[in-house]
Amino acid sequence: MKKIIQFAAITIITVFAASSAVFAEDDNLFDDNTIVDSTAQPAAAASDDNMISGSTANAAAEQNAPKTDLAHGTLFQTGSIKIGGQFDMSLTTFTWFNKDTSFEKSVKNTVLSPLADALFTIDARPSENLRMYFKGGIHFPYITEQNATLNEISGNAQETLENLFYVKELFTDFGIGNTAYFRFGKQTITWGTGYFFSPSSNIVNLSAIDPEDTDEQVEGPLALRTQIVFSGSQNCIWVYMIPDSSLFTISSNTSTTDAYTLASDTAFAAKGDIVLDDWELGIGAFYKYAHAPKGVLTASGTLFSKINTFAECVWAYGTDTAWSNSESWDNKSSIWQATAGCSYTWKEPQITFAGQYYYDGNDEDSWDKTTHGHNIAGLISFAKVFTTDLTASVYGNVNFGADMLTAFAMLYYSPLNEIKLGAGPYVVWSSFDSSPNIAVKLSATLGGGKF
(Lines give C-alpha, C1' and ligand atoms only; values in the text may rest on other atoms or scores of the structure.)
Protein backbone atom coordinates (compact mmCIF):
# COMPACT_ATOMS: atom_id res chain seq x y z
CA MET A 1 0.00 0.00 0.00
CA LYS A 2 2.81 2.37 0.95
CA LYS A 3 4.59 1.85 -2.38
CA ILE A 4 1.35 2.36 -4.28
CA ILE A 5 0.70 5.70 -2.57
CA GLN A 6 4.26 6.91 -3.17
CA PHE A 7 4.09 5.85 -6.82
CA ALA A 8 0.75 7.67 -7.23
CA ALA A 9 2.12 10.84 -5.63
CA ILE A 10 5.20 10.83 -7.87
CA THR A 11 3.03 10.17 -10.93
CA ILE A 12 0.79 13.14 -10.09
CA ILE A 13 3.77 15.46 -9.68
CA THR A 14 5.19 14.23 -13.00
CA VAL A 15 1.90 14.95 -14.74
CA PHE A 16 1.86 18.43 -13.20
CA ALA A 17 5.38 19.13 -14.43
CA ALA A 18 4.64 17.79 -17.91
CA SER A 19 1.48 19.84 -18.23
CA SER A 20 3.37 22.93 -17.04
CA ALA A 21 6.01 22.42 -19.72
CA VAL A 22 3.30 22.25 -22.38
CA PHE A 23 1.52 25.32 -21.09
CA ALA A 24 4.81 27.24 -20.94
CA GLU A 25 4.60 27.56 -24.74
CA ASP A 26 1.54 29.76 -24.36
CA ASP A 27 2.48 33.37 -25.16
CA ASN A 28 -0.01 34.57 -22.56
CA LEU A 29 1.85 33.07 -19.60
CA PHE A 30 2.33 35.52 -16.74
CA ASP A 31 0.17 38.30 -18.09
CA ASP A 32 -1.33 41.05 -15.95
CA ASN A 33 -4.11 38.73 -14.79
CA THR A 34 -1.77 36.36 -12.95
CA ILE A 35 -3.64 34.41 -10.28
CA VAL A 36 -0.58 33.22 -8.36
CA ASP A 37 2.62 35.28 -8.64
CA SER A 38 5.46 33.55 -6.83
CA THR A 39 7.95 36.32 -7.50
CA ALA A 40 5.74 38.56 -5.40
CA GLN A 41 5.78 37.07 -1.94
CA PRO A 42 2.65 35.50 -0.48
CA ALA A 43 0.88 37.54 2.14
CA ALA A 44 2.51 35.33 4.69
CA ALA A 45 5.51 37.60 4.48
CA ALA A 46 4.04 40.67 2.88
CA SER A 47 5.09 43.49 5.16
CA ASP A 48 8.85 43.91 4.85
CA ASP A 49 8.74 46.65 2.19
CA ASN A 50 10.84 49.71 1.57
CA MET A 51 10.24 52.61 3.89
CA ILE A 52 8.70 54.87 1.28
CA SER A 53 6.22 52.26 0.06
CA GLY A 54 3.14 51.14 1.95
CA SER A 55 2.36 47.67 3.22
CA THR A 56 3.05 45.20 0.41
CA ALA A 57 -0.18 43.30 0.99
CA ASN A 58 -2.22 46.47 0.58
CA ALA A 59 -0.03 47.94 -2.16
CA ALA A 60 -0.49 44.95 -4.46
CA ALA A 61 -4.27 45.22 -4.20
CA GLU A 62 -4.19 48.98 -4.74
CA GLN A 63 -2.12 48.76 -7.92
CA ASN A 64 -4.63 46.44 -9.60
CA ALA A 65 -7.80 48.04 -8.23
CA PRO A 66 -9.89 50.85 -9.75
CA LYS A 67 -8.86 54.24 -8.46
CA THR A 68 -11.58 54.77 -5.89
CA ASP A 69 -11.35 55.13 -2.13
CA LEU A 70 -13.17 51.85 -1.48
CA ALA A 71 -11.04 49.95 -4.00
CA HIS A 72 -7.93 51.33 -2.31
CA GLY A 73 -9.15 49.89 0.97
CA THR A 74 -9.29 53.42 2.36
CA LEU A 75 -11.91 54.55 4.84
CA PHE A 76 -10.44 57.95 5.69
CA GLN A 77 -7.59 59.77 4.01
CA THR A 78 -6.34 63.32 4.52
CA GLY A 79 -3.02 63.03 2.74
CA SER A 80 -1.14 62.23 5.95
CA ILE A 81 -3.20 59.37 7.43
CA LYS A 82 -4.91 56.40 5.86
CA ILE A 83 -7.30 54.02 7.62
CA GLY A 84 -8.61 50.77 6.19
CA GLY A 85 -9.08 47.11 6.88
CA GLN A 86 -11.07 44.03 6.04
CA PHE A 87 -13.78 41.75 7.42
CA ASP A 88 -13.46 37.97 7.05
CA MET A 89 -16.93 36.44 7.37
CA SER A 90 -17.51 32.78 6.61
CA LEU A 91 -18.89 29.43 7.73
CA THR A 92 -17.07 26.14 7.13
CA THR A 93 -18.16 22.59 7.90
CA PHE A 94 -16.28 19.27 7.90
CA THR A 95 -18.14 15.96 7.86
CA TRP A 96 -15.71 13.08 8.43
CA PHE A 97 -16.49 9.57 7.22
CA ASN A 98 -14.80 6.29 8.14
CA LYS A 99 -15.65 2.61 8.07
CA ASP A 100 -16.22 2.42 11.82
CA THR A 101 -18.85 5.19 11.93
CA SER A 102 -22.31 5.12 10.41
CA PHE A 103 -23.39 7.76 7.91
CA GLU A 104 -26.00 9.16 10.31
CA LYS A 105 -23.48 9.53 13.13
CA SER A 106 -20.93 11.15 10.81
CA VAL A 107 -23.49 13.75 9.72
CA LYS A 108 -24.50 14.33 13.34
CA ASN A 109 -20.85 14.93 14.27
CA THR A 110 -20.32 17.52 11.54
CA VAL A 111 -17.98 20.26 12.75
CA LEU A 112 -19.04 23.87 12.12
CA SER A 113 -16.34 26.54 12.16
CA PRO A 114 -17.58 30.17 12.04
CA LEU A 115 -15.21 32.99 11.12
CA ALA A 116 -16.11 36.62 11.89
CA ASP A 117 -12.83 38.51 12.19
CA ALA A 118 -11.93 42.13 11.56
CA LEU A 119 -8.53 43.57 10.64
CA PHE A 120 -7.74 47.29 10.79
CA THR A 121 -4.78 49.27 9.46
CA ILE A 122 -3.59 52.79 10.20
CA ASP A 123 -0.86 54.27 8.01
CA ALA A 124 0.13 57.73 9.27
CA ARG A 125 2.74 59.94 7.63
CA PRO A 126 2.98 63.16 9.62
CA SER A 127 6.09 64.18 7.68
CA GLU A 128 7.97 63.09 4.58
CA ASN A 129 10.62 61.37 6.70
CA LEU A 130 8.35 59.67 9.24
CA ARG A 131 5.81 56.89 8.91
CA MET A 132 3.83 55.12 11.65
CA TYR A 133 1.97 51.91 10.80
CA PHE A 134 -0.44 49.71 12.74
CA LYS A 135 -2.19 46.49 11.76
CA GLY A 136 -4.35 44.66 14.28
CA GLY A 137 -7.74 43.16 14.70
CA ILE A 138 -10.37 41.17 16.50
CA HIS A 139 -10.83 37.40 16.50
CA PHE A 140 -14.02 35.43 16.99
CA PRO A 141 -15.25 34.34 19.57
CA TYR A 142 -15.78 37.62 21.37
CA ILE A 143 -16.33 38.70 24.94
CA THR A 144 -20.02 39.61 24.97
CA GLU A 145 -21.58 42.54 26.75
CA GLN A 146 -23.16 40.14 29.23
CA ASN A 147 -19.89 38.69 30.56
CA ALA A 148 -17.59 41.64 29.93
CA THR A 149 -17.76 42.93 33.49
CA LEU A 150 -14.56 43.03 35.48
CA ASN A 151 -15.60 40.50 38.12
CA GLU A 152 -16.61 37.91 35.52
CA ILE A 153 -13.47 38.05 33.38
CA SER A 154 -11.69 35.01 34.75
CA GLY A 155 -10.69 31.53 33.66
CA ASN A 156 -11.66 30.76 30.06
CA ALA A 157 -13.22 34.19 29.64
CA GLN A 158 -9.94 35.87 30.51
CA GLU A 159 -8.06 33.63 28.09
CA THR A 160 -10.58 34.43 25.36
CA LEU A 161 -10.22 38.15 26.05
CA GLU A 162 -6.44 37.90 25.75
CA ASN A 163 -6.78 36.15 22.37
CA LEU A 164 -9.57 38.42 21.16
CA PHE A 165 -7.53 41.53 20.42
CA TYR A 166 -4.22 41.10 18.63
CA VAL A 167 -1.50 43.24 17.07
CA LYS A 168 -0.11 41.98 13.77
CA GLU A 169 2.26 44.89 13.13
CA LEU A 170 3.14 48.12 14.86
CA PHE A 171 6.22 49.98 13.69
CA THR A 172 7.66 53.33 12.72
CA ASP A 173 9.81 54.16 9.67
CA PHE A 174 12.31 56.98 9.32
CA GLY A 175 15.41 57.62 7.25
CA ILE A 176 18.74 59.41 7.01
CA GLY A 177 19.04 61.06 3.64
CA ASN A 178 18.57 58.71 0.70
CA THR A 179 20.98 56.07 1.95
CA ALA A 180 19.77 54.50 5.22
CA TYR A 181 16.22 53.74 6.32
CA PHE A 182 15.14 52.41 9.69
CA ARG A 183 12.12 50.50 10.97
CA PHE A 184 11.48 49.75 14.62
CA GLY A 185 8.60 47.79 16.06
CA LYS A 186 6.68 44.57 15.51
CA GLN A 187 6.99 43.61 11.85
CA THR A 188 6.91 40.67 9.46
CA ILE A 189 10.35 40.07 7.94
CA THR A 190 10.36 38.98 4.29
CA TRP A 191 13.52 36.96 3.91
CA GLY A 192 12.01 34.04 2.07
CA THR A 193 10.95 33.53 -1.53
CA GLY A 194 9.01 30.27 -1.06
CA TYR A 195 5.26 30.01 -1.62
CA PHE A 196 4.22 27.00 0.52
CA PHE A 197 7.41 26.66 2.58
CA SER A 198 10.12 29.17 3.52
CA PRO A 199 12.95 27.93 5.76
CA SER A 200 14.75 31.29 5.62
CA SER A 201 11.59 33.12 6.73
CA ASN A 202 11.26 30.68 9.64
CA ILE A 203 14.64 31.83 10.97
CA VAL A 204 13.56 35.41 11.71
CA ASN A 205 9.78 35.19 12.12
CA LEU A 206 7.68 33.70 14.91
CA SER A 207 5.48 31.45 12.75
CA ALA A 208 5.71 29.58 9.46
CA ILE A 209 3.65 29.80 6.29
CA ASP A 210 0.45 27.76 6.34
CA PRO A 211 0.65 25.78 3.05
CA GLU A 212 -3.16 25.56 2.92
CA ASP A 213 -3.58 29.31 3.44
CA THR A 214 -0.62 31.17 1.96
CA ASP A 215 -2.52 34.46 2.11
CA GLU A 216 -2.31 34.44 5.92
CA GLN A 217 0.51 36.72 7.03
CA VAL A 218 3.06 35.08 9.31
CA GLU A 219 3.74 36.46 12.80
CA GLY A 220 6.76 38.73 12.90
CA PRO A 221 8.96 39.77 15.83
CA LEU A 222 9.77 43.09 17.45
CA ALA A 223 12.89 44.22 15.61
CA LEU A 224 15.07 47.14 14.58
CA ARG A 225 15.67 47.03 10.85
CA THR A 226 18.24 49.05 8.95
CA GLN A 227 18.07 49.20 5.17
CA ILE A 228 21.13 50.52 3.33
CA VAL A 229 20.57 51.27 -0.35
CA PHE A 230 23.15 51.82 -3.06
CA SER A 231 22.63 54.83 -5.29
CA GLY A 232 21.93 54.05 -8.91
CA SER A 233 20.89 50.44 -8.31
CA GLN A 234 18.24 48.29 -6.66
CA ASN A 235 20.82 46.50 -4.52
CA CYS A 236 20.56 46.88 -0.76
CA ILE A 237 21.61 45.47 2.61
CA TRP A 238 19.21 44.64 5.45
CA VAL A 239 20.46 44.49 9.05
CA TYR A 240 18.25 43.36 11.96
CA MET A 241 18.46 43.44 15.73
CA ILE A 242 15.76 41.15 17.13
CA PRO A 243 15.15 41.10 20.92
CA ASP A 244 14.08 37.78 22.35
CA SER A 245 10.32 37.22 22.18
CA SER A 246 10.20 35.58 25.62
CA LEU A 247 9.38 38.41 28.02
CA PHE A 248 9.29 38.50 31.80
CA THR A 249 8.25 41.11 34.37
CA ILE A 250 9.99 42.56 37.39
CA SER A 251 7.90 43.55 40.39
CA SER A 252 8.27 47.14 41.53
CA ASN A 253 6.64 49.61 43.87
CA THR A 254 5.32 51.64 40.97
CA SER A 255 1.83 51.26 39.60
CA THR A 256 3.15 50.19 36.19
CA THR A 257 4.73 46.86 35.29
CA ASP A 258 7.23 46.76 32.43
CA ALA A 259 8.19 43.76 30.32
CA TYR A 260 11.85 42.79 29.98
CA THR A 261 14.07 40.43 28.07
CA LEU A 262 17.75 39.56 28.45
CA ALA A 263 20.07 41.59 26.21
CA SER A 264 22.25 38.51 25.74
CA ASP A 265 19.30 36.73 24.07
CA THR A 266 19.10 39.35 21.30
CA ALA A 267 19.48 37.96 17.78
CA PHE A 268 21.35 39.65 14.94
CA ALA A 269 20.75 39.05 11.25
CA ALA A 270 21.86 40.56 7.97
CA LYS A 271 20.98 39.96 4.34
CA GLY A 272 22.14 41.48 1.06
CA ASP A 273 20.02 41.53 -2.10
CA ILE A 274 21.43 41.94 -5.62
CA VAL A 275 19.25 42.49 -8.70
CA LEU A 276 20.57 41.02 -11.95
CA ASP A 277 18.23 41.50 -14.91
CA ASP A 278 15.08 39.49 -14.05
CA TRP A 279 16.62 37.84 -10.99
CA GLU A 280 17.06 38.84 -7.38
CA LEU A 281 19.74 37.01 -5.42
CA GLY A 282 20.19 37.18 -1.65
CA ILE A 283 22.75 36.03 0.91
CA GLY A 284 22.30 36.33 4.65
CA ALA A 285 23.37 35.20 8.12
CA PHE A 286 21.74 34.80 11.54
CA TYR A 287 23.29 34.65 15.01
CA LYS A 288 21.80 34.28 18.48
CA TYR A 289 23.57 33.23 21.64
CA ALA A 290 23.08 29.54 22.50
CA HIS A 291 21.32 28.98 19.17
CA ALA A 292 22.54 27.45 15.93
CA PRO A 293 24.23 30.04 13.65
CA LYS A 294 22.73 29.99 10.18
CA GLY A 295 23.53 31.05 6.64
CA VAL A 296 20.94 31.79 3.94
CA LEU A 297 20.86 31.87 0.13
CA THR A 298 17.75 32.97 -1.80
CA ALA A 299 16.88 33.46 -5.45
CA SER A 300 13.78 34.53 -7.36
CA GLY A 301 13.16 35.43 -10.97
CA THR A 302 11.80 34.16 -14.27
CA LEU A 303 12.85 31.45 -16.69
CA PHE A 304 12.26 32.04 -20.41
CA SER A 305 10.55 35.32 -19.37
CA LYS A 306 7.48 33.26 -18.49
CA ILE A 307 8.11 30.90 -15.58
CA ASN A 308 8.19 32.41 -12.09
CA THR A 309 10.90 30.55 -10.17
CA PHE A 310 12.20 30.72 -6.60
CA ALA A 311 14.66 28.87 -4.38
CA GLU A 312 16.09 28.98 -0.85
CA CYS A 313 18.88 27.22 0.99
CA VAL A 314 19.56 27.38 4.74
CA TRP A 315 22.67 26.00 6.44
CA ALA A 316 22.85 25.67 10.22
CA TYR A 317 25.73 24.59 12.41
CA GLY A 318 23.89 22.20 14.68
CA THR A 319 20.31 22.47 15.89
CA ASP A 320 18.84 24.80 18.51
CA THR A 321 18.16 21.74 20.64
CA ALA A 322 21.82 20.70 20.49
CA TRP A 323 22.97 24.22 21.39
CA SER A 324 20.57 24.38 24.33
CA ASN A 325 22.14 21.18 25.66
CA SER A 326 25.72 22.34 25.08
CA GLU A 327 27.13 25.76 24.15
CA SER A 328 30.39 24.22 22.93
CA TRP A 329 31.23 24.60 19.25
CA ASP A 330 32.47 21.03 19.23
CA ASN A 331 30.45 17.97 18.25
CA LYS A 332 27.99 19.92 16.09
CA SER A 333 27.04 18.89 12.56
CA SER A 334 25.80 20.75 9.49
CA ILE A 335 22.02 20.86 9.03
CA TRP A 336 20.55 21.67 5.63
CA GLN A 337 17.17 22.90 4.49
CA ALA A 338 16.46 23.66 0.84
CA THR A 339 13.47 24.43 -1.34
CA ALA A 340 12.70 25.27 -4.96
CA GLY A 341 9.51 25.90 -6.86
CA CYS A 342 7.80 27.67 -9.69
CA SER A 343 4.43 28.78 -10.98
CA TYR A 344 2.84 28.99 -14.43
CA THR A 345 -0.14 31.04 -15.48
CA TRP A 346 -1.84 31.57 -18.81
CA LYS A 347 -4.65 33.93 -19.67
CA GLU A 348 -6.95 31.45 -21.35
CA PRO A 349 -8.33 29.26 -19.89
CA GLN A 350 -7.24 31.19 -16.75
CA ILE A 351 -5.48 28.34 -14.99
CA THR A 352 -2.51 28.64 -12.64
CA PHE A 353 -0.21 25.93 -11.36
CA ALA A 354 2.16 26.43 -8.41
CA GLY A 355 4.47 23.71 -7.11
CA GLN A 356 7.28 23.52 -4.57
CA TYR A 357 9.75 20.94 -3.30
CA TYR A 358 11.14 21.26 0.25
CA TYR A 359 13.82 19.25 2.02
CA ASP A 360 13.91 19.73 5.80
CA GLY A 361 17.02 18.15 7.31
CA ASN A 362 16.30 19.43 10.82
CA ASP A 363 14.62 16.56 12.64
CA GLU A 364 15.05 18.00 16.13
CA ASP A 365 13.59 21.50 16.35
CA SER A 366 11.89 22.37 13.06
CA TRP A 367 8.82 24.56 13.03
CA ASP A 368 6.57 21.65 12.15
CA LYS A 369 7.61 18.02 12.55
CA THR A 370 5.36 17.10 9.61
CA THR A 371 7.93 18.75 7.27
CA HIS A 372 10.89 16.56 8.24
CA GLY A 373 12.47 14.95 5.19
CA HIS A 374 11.18 15.43 1.65
CA ASN A 375 8.01 17.43 0.90
CA ILE A 376 6.11 18.32 -2.25
CA ALA A 377 3.17 20.75 -2.39
CA GLY A 378 1.12 21.81 -5.38
CA LEU A 379 -1.88 23.95 -6.21
CA ILE A 380 -3.94 24.29 -9.38
CA SER A 381 -6.33 27.25 -9.51
CA PHE A 382 -9.12 27.67 -12.06
CA ALA A 383 -10.32 31.28 -12.27
CA LYS A 384 -13.15 30.19 -14.56
CA VAL A 385 -14.93 26.86 -14.91
CA PHE A 386 -17.08 27.38 -18.04
CA THR A 387 -18.31 30.63 -16.45
CA THR A 388 -16.75 33.26 -14.16
CA ASP A 389 -19.37 32.40 -11.51
CA LEU A 390 -17.67 29.01 -11.06
CA THR A 391 -14.06 28.68 -9.86
CA ALA A 392 -12.09 25.74 -8.51
CA SER A 393 -8.85 24.71 -6.84
CA VAL A 394 -6.98 21.44 -6.30
CA TYR A 395 -4.32 21.19 -3.57
CA GLY A 396 -1.94 18.48 -2.44
CA ASN A 397 0.86 18.31 0.14
CA VAL A 398 2.95 15.15 0.60
CA ASN A 399 5.54 14.54 3.33
CA PHE A 400 7.50 11.40 2.46
CA GLY A 401 9.44 11.42 5.73
CA ALA A 402 6.36 11.07 7.93
CA ASP A 403 4.25 9.25 5.28
CA MET A 404 1.59 11.96 5.40
CA LEU A 405 -0.57 13.43 2.68
CA THR A 406 -3.21 16.17 2.70
CA ALA A 407 -5.29 16.92 -0.37
CA PHE A 408 -8.53 18.65 -1.26
CA ALA A 409 -10.49 19.79 -4.29
CA MET A 410 -13.00 22.63 -4.03
CA LEU A 411 -15.59 23.94 -6.48
CA TYR A 412 -16.86 27.46 -5.75
CA TYR A 413 -20.01 29.22 -6.93
CA SER A 414 -20.61 32.95 -6.57
CA PRO A 415 -24.23 33.90 -7.29
CA LEU A 416 -23.44 37.40 -5.97
CA ASN A 417 -20.25 39.33 -5.39
CA GLU A 418 -20.92 39.14 -1.66
CA ILE A 419 -21.54 35.36 -1.54
CA LYS A 420 -19.18 32.51 -2.37
CA LEU A 421 -20.23 28.89 -1.79
CA GLY A 422 -17.77 26.00 -1.90
CA ALA A 423 -17.88 22.21 -1.68
CA GLY A 424 -15.46 19.37 -2.15
CA PRO A 425 -13.59 16.37 -0.65
CA TYR A 426 -10.85 16.79 1.97
CA VAL A 427 -8.49 13.82 2.40
CA VAL A 428 -5.82 13.21 5.07
CA TRP A 429 -3.43 10.27 5.09
CA SER A 430 -1.75 10.07 8.50
CA SER A 431 0.16 7.03 7.26
CA PHE A 432 0.48 5.48 3.81
CA ASP A 433 0.04 2.05 5.41
CA SER A 434 -3.45 2.90 6.67
CA SER A 435 -6.72 4.03 5.15
CA PRO A 436 -7.20 7.79 4.64
CA ASN A 437 -9.55 9.99 6.61
CA ILE A 438 -12.07 11.50 4.22
CA ALA A 439 -14.32 14.49 4.83
CA VAL A 440 -16.78 16.58 2.88
CA LYS A 441 -15.93 20.25 3.23
CA LEU A 442 -18.56 22.94 2.73
CA SER A 443 -17.81 26.65 2.93
CA ALA A 444 -19.74 29.88 2.60
CA THR A 445 -18.21 33.34 2.44
CA LEU A 446 -20.92 35.80 3.43
CA GLY A 447 -20.18 39.44 2.75
CA GLY A 448 -17.04 40.90 4.20
CA GLY A 449 -14.13 42.16 2.17
CA LYS A 450 -11.77 45.14 2.22
CA PHE A 451 -12.72 48.72 2.94
* GLU348/VAL427 FRET efficiency (R0 51 Å; Cβ-Cβ; nearest 0.05) -> 0.95
* Where in region 82-104 does the label zone of SER435 land, with the point 7 angstrom along Cα→C-beta and an amide N cut-off under 17 Å? -> 95-104
* To do: Give me the accessible area per residue for region 313-451, probe 1.4 Å, as a whole number in Å².
  => 49 Å²
* Using θ = phi - 60° and the Karplus curve 6.51 cos²θ - 1.76 cosθ + 1.60, what whole-Hz ³J(HN,Hα) does each residue of region 321-333 get, with Gly and Pro shown as x? -> 5, 5, 6, 5, 7, 8, 8, 6, 7, 7, 6, 10, 10
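Student exercise: in region 333-451, how many lysine pairs 8 or more apart or on different chains have Cα atoms under 17 Å apart?
Final tally of qualifying lysine pairs is 4.
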* Structure fact -> The extension gain from ALA118 to ASP365, computed as 0.36 nm times the residue separation minus the Cα-Cα distance, is 85.6 nm
* Asked: Looking at region 269-331, which chymotrypsin sites (Phe, Trp or Tyr not before Pro) are in a loop (DSSP not H, G, I, E or B) and have at most 12 other Cβ atoms within 10 Å?
  -> PHE304, TRP329
* Can you tell me how much longer the chain between THR387 and THR172 gets when fully stretched, taken as 0.36 nm per residue apart minus their C-alpha distance, in nm with one decimal? => 72.9 nm
* **PHE230/THR101 FRET efficiency (R0 60 Å; Cβ-Cβ; nearest 0.05)** => 0.45
* Structure fact -> Subtracting the Cα-Cα distance of ASN325 and SER127 from 0.36 nm times their residue separation yields 66.3 nm
* Asked: How far apart, in nm, are two points set 7 Å out from the Cα along the Cα-to-Cβ line at ALA409 and at TRP279?
  -> 3.8 nm
* **Euclidean distance of C-alpha centroids, region 110-146 and region 313-356, integer Å** => 31 Å
* Sort out for me the Cα centre separation of region 383-445 from region 186-213, rounded to whole Å. => 23 Å
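The values are calculated or read from the model by the stated rules, or taken from the named source; none is laboratory data. Here the structure is a predicted model, which is why all the values come from computation and not from measurement. Note: ideal-geometry Cβ built from the backbone for every residue, glycine included; neighbour counts use all protein chains shown. Note: accessible area is taken over every heavy atom of the protein model, side chains too, but ligands, DNA and RNA are not part of it. Shrake-Rupley method; radii C 1.70, N 1.55, O 1.52, S 1.80 Å.
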